[in-house]
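What follows is a short report on a single structure.
The values are calculated or read from the model by the stated rules, or taken from the named source; none is laboratory data. Just so you know, these numbers come straight off a predicted model, no measurement behind them. Cβ coordinates were reconstructed from backbone atoms using ideal geometry, including for glycine residues, and neighbour counts include every protein chain displayed.
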Amino acid sequence: MPGRNKVTKKTLSAGQRRGPPLAWVGWSFLILLAVVTVLYVGLKAVANPILFLQNLLDGLKLGFVYALIALGYTMVYGIVKLINFAHGDVFMVGAFTSYYAVSRFNLHMWPAAAFPSISPNLAVVLGSLTVILLSMAVCVILAVTIERVAYKPLRDAPRIAALITAIGVSFFLEFFGALPFVFSARFIPYKAPFSTHAWYIKDGIHPIISGQASPDNTISFSNIFLIIAAASILVQVLLQYIVKRTKIGIAMRAASYDKPTARLMGINVDRVISFTFAIGAAFAGLGGVLYAIAYSSIYTQLGVLPGLKAFVAAVLGGIGSIPGAFVGALIMGQAEAMTMGYISTPMRDAVAFSILIIVLLVKPTGLFGEPAQEKA
Amino acid sequence: MLRVENLHVYYGAIHALQGVSFNVEQGEIVTLIGANGAGKSTILRTISGLLRPREGSIMLNGTEITTMPAERIVSMGISQVPEGRRIFAPLTVKENLTMGAYTRKDQAEIQATLERSYKSFPRLKERESQYGGTLSGGEQQMLAMARALMAQPSLLLLDEPSMGLSPLLVEEIFRIIVEINKQGTSILLVEQNAQMALSIANRAYVLETGSIVLSGDASEIAENPDVKKAYLGI
């Protein structure tokens with residue numbers, strides 16, 4: 001978590017910095033790759049700046065969603081040193097919860113039904129917020145239950161045991177969800193709790209009439225993009241506040257550093273861990289709803305790739321670091337969007353996971369990470 | 001106030017405490033001395049609830065606390081300054097202190113305790129917003145003690161407070177321990193530095209491989225020829 005690198009930098013001995021022989025081959029390859037990438041994207045950007053900006057915007061949209069998921073990965077890792085692979089599936093459950101709330105129960109309509117006199121805009125906002133909050137709450141309950149049932153009994157077991165359990169929980173959620181009487185394995189068209197509007201920019205901002213494509217050579221964006229960006233930034237600020245200023249946040253950092261001593265302070269470490277899972281899940285739930293609205297179809301494997309990519313983002317940023325997860329997620333979003341824009345869409349996943357391999361080879365602690373330390 | 005009876009603790013197959021009994025009365029300084037591995041820290045960790053005894057009981061003012069979780073024991077009035085200080089390195093000095101008061105609710109009172117500990121440890125006030133990990137060993141020891149006192153304990157457990165400190169700092173730390181005791185906190189002190197410990201304690205217990213082999217007034221123990229030979233290097 002933030003701040004610790006200041007303390008531990010000294011412990012990095014010179015021996016750890018020295019790589020294996022012929023490391024320069026790998027380094028020169030990576031530098032070459034970086035130069036080629038920057039040059040290639042740069043040339044494309046100069047050739048068609050509008051297309052580049054459009055790709056940038058698409059990348060931001062992806063990146064902000066990944067950030068919402070990556071925070072959960074990084075916080076949970078920070079406190080229990082567990083990669084919670086079920087996190088992406090919690091995200092999926094968030095999307096499905098909102099689907100049932102909207103399509104089956106019309107929950108988003110309740111303000112209009114209960115108070116017919118309020119303005120329709122306010123009714124939509126209230127209704128959508130209710131749906132989002134409900135999905136977040138379901139995710140929180142799910143994640144805390146998973147933690148209690150599957151991870152807590154393994155708290156003192158070797159870390160690999162908990163990791164494999166996390167993979168098991170992930171598969172359980174995906175394939176239990178795929179049963180016909182649960183979510184079913186089909187792609188389901190998703191009905192958003194509010195209507196989407198899009199605009200294009202060309203000598204000012206103009207609305208796009210739904211069903212029509214935006215004119216050529218313009219940048220387009222939608223209200224979903226704005227909501228995702230706002231939600232993601234807001235969550236980041238909120239989390240910084242919780243971790244830095246509140247008693248439970250300070251206790252989270254204390255427990256992530258030294259659990260026995262945290263207990264000597266009277267901190268209920270189990271409760272702090274549950275709380276960590278809970279906020280991670282709440283943000284994943286929020287991300288799930290917004291992702292479903294943005295990409296308009298859902299299925300039970302929905303969380304797999306975004307979950308894994310958010311995990312890569314957390315590793316890239318330095319797992320355990322909250323700002324790192326945010327920055328890592330934005331970089332992942334750009335990498336994917338640029339790949340889709342300039343190379344080909346199927347390449348996006350290859351590039352995303354190549355980033356994981358490169359980070360693990362070159363700087364396993366990530367951008368903001370601290371070197372692993374064994375306490376005496 | 002603290003009554004430990006027939007305590008048996010195991011680490012796996014290792015029988016670390018083999019029926020330890022002792023007590024600490026209100027207002028006393030009691031010290032447990034003994035060599036490395038005698039089980040001194042194990043006793044403190046068991047009292048604090050980090051370890052579970054297989055047998056025996058721990059009573060605080062007549063209440064059984066043997067199986068209470070660690071976090072409850074703090075609110076019962078027992079705080080520990082753990083071995084090696086165990087400062088939260090990535091937390092600031094002030095955050096470390098607020099964690100010490102974790103079980104307390106009244107913000108105004110916590111603030112008052114904080115002011116008082118800054119008065120007793122002016123160095124901590126100066127370094128309030130510095131990270132705990134950047135403090136020197138002596139400052140960390142003071143922070144660890146101030147942090148434990150933030151819970152306003154009636155009994156303070158101190159595990160090797162002199163460890164790794166210069167003789168001058170050790171004097172300072174022991175002076176502070178006596179000061180804390182004068183203000184009404186009972187103290188259970190575990191030390192390898194037997195000479196210093198015996199000089200401030202009322203009573204002492206000598207621990208050898210998991211059992212108490214000798215007990216009595218600190219001054220008597222200090223005069224015991226075996227103790228002199230084994231622990232005081234005389």
| Any residue in segment B:202-214 that is within 21 Å of B:Ser41 (Cβ to Cβ), touching a residue at least 60 places away in the same chain (Cβ under 8 Å) and in contact with a Pro (Cβ under 7 Å, 6 or more places away or on another chain)? | no
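Okay, residues lined up against (1) farther than 22 Å from A:Gly42 by Cβ; (2) in contact with a strand residue (DSSP E or B) (Cβ under 8 Å, 6 or more places away or on another chain); (3) modelled with pLDDT of 90 or more; (4) surrounded by fewer than 19 Cβ atoms within 10 Å (Cβ to Cβ):
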position: A:Ala329; (1), (2), (3), (4): yes, no, yes, no
position: A:Ala335; (1), (2), (3), (4): no, no, yes, no
position: A:Met347; (1), (2), (3), (4): no, no, yes, yes
position: A:Ala352; (1), (2), (3), (4): no, no, yes, no
position: A:Pro364; (1), (2), (3), (4): yes, no, no, yes
position: A:Gln373; (1), (2), (3), (4): yes, no, no, yes
position: A:Ala376; (1), (2), (3), (4): yes, no, no, yes
| task | Please tell me if A:Pro153 is surrounded by fewer than 21 Cβ atoms within 10 Å (Cβ to Cβ) and not in a helix (DSSP H, G or I). | result | no
| note | The condition of being within 14 Å of another protein chain (Cβ to nearest Cβ) and β-branched (Val, Ile, Thr) holds, among B:Thr185, B:Thr209, B:Thr134, only for B:Thr134
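Okay, residues lined up against (1) within 16 Å of A:Leu62 (Cα to Cα); (2) more than 14 Å from every other protein chain (Cβ to nearest Cβ); (3) without any contact (Cβ under 8 Å) to a residue 24 or more places away in the chain; (4) buried (at least 24 other Cβ atoms within 10 Å of the Cβ):
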residue: A:Ala278; (1), (2), (3), (4): no, yes, no, no
residue: A:Ala281; (1), (2), (3), (4): no, yes, no, yes
residue: A:Ile293; (1), (2), (3), (4): yes, yes, no, yes
residue: A:Val304; (1), (2), (3), (4): yes, yes, no, no
residue: A:Gly307; (1), (2), (3), (4): yes, yes, no, yes
| query | For A:Ser297, which of the numbered conditions (1) in contact with a strand residue (DSSP E or B) (Cβ under 6 Å, 6 or more places away or on another chain); (2) modelled with pLDDT of 95 or more fails to hold? | reply | (2)
| field | Qualifying helices (runs of 4 or more DSSP H) (wholly inside segment A:39-142; at least 2 residues being modelled with pLDDT under 95) | value | A:49-80, A:110-114
| request: Kindly check whether there is at least one residue in segment A:225-232 that is in contact with a helix residue (DSSP H, G or I) (Cβ under 8 Å, 6 or more places away or on another chain), within 14 Å of another protein chain (Cβ to nearest Cβ) and either more than 22 Å from A:Ser321 (Cβ to Cβ) or among the polar types (S, T, N, Q) (or both). | output: no
| message | List the strands (runs of 3 or more DSSP E) inside segment B:137-234, counting only whole elements, that have at least 1 residues being among the β-branched types (Val, Ile, Thr) and surrounded by 17 or more Cβ atoms within 10 Å (Cβ to Cβ). | response | B:186-191, B:203-208, B:211-217
| Condition check for B:Ile87: within 20 Å of B:Gly137 (Cα to Cα) and within 12 Å of another protein chain (Cβ to nearest Cβ) | yes
| query | Of all residues in segment A:248-276 being among the basic types (Lys, Arg) and more than 7 Å from chain B (Cβ to nearest Cβ), which is surrounded by the most Cβ atoms within 10 Å (Cβ to Cβ)? | reply | A:Lys259
| request: Residue by residue through segment B:54-75, note down the ones that are more than 10 Å from chain A (Cβ to nearest Cβ) and either without any contact (Cβ under 8 Å) to a residue 12 or more places away in the chain or not in a loop (DSSP other than H, G, I, E, B) (or both). | output: B:Glu55, B:Gly56, B:Ser57, B:Ile58, B:Met59, B:Leu60, B:Gly62, B:Thr63, B:Glu64
| query | Would you say A:Gly63 is farther than 18 Å from A:Pro193 by Cα and crowded, with 24+ Cβ neighbours inside 10 Å? | reply | yes
| query | Which residue pairs have Cβ atoms closer than 9 Å, lie 6 or more positions apart in sequence or on different chains, and pair a first residue in segment A:36-53 that is surrounded by 13 or more Cβ atoms within 10 Å (Cβ to Cβ) with a second residue that is of a type in the set (Val, Ile, Thr) and in a helix (DSSP H, G or I)? | reply | A:Phe52/A:Val41; A:Phe52/A:Val46
| request: Would you check which residues across segment B:48-79 are exposed (fewer than 15 other Cβ atoms within 10 Å of the Cβ) and within 17 Å of B:Ala16 (Cα to Cα) and list them? | output: B:Arg52, B:Arg54, B:Glu55
| field | Residues within segment B:1-53 that are under 16 Å from the mean Cα position of the chain (by Cα), under 29 Å from B:Lys228 (Cβ atoms) and part of a strand (DSSP E or B), tallied | value | 11
| query | Which one of the conditions (1) surrounded by 18 or more Cβ atoms within 10 Å (Cβ to Cβ); (2) closer than 30 Å to B:Lys105 by Cα does A:Leu234 fail to meet, given that it meets all the rest? | reply | (1)
| note | Within segment B:90-126, residues being within 22 Å of A:Met252 (Cα to Cα) and either assigned to a loop (DSSP other than H, G, I, E, B) or within 12 Å of chain A (Cβ to nearest Cβ) (or both) number 18
| said: Residues that are under 22 Å from A:Val80 (Cβ atoms), at pLDDT below 95 and acidic (Asp, Glu): does segment A:197-209 have at least one? | reply: no
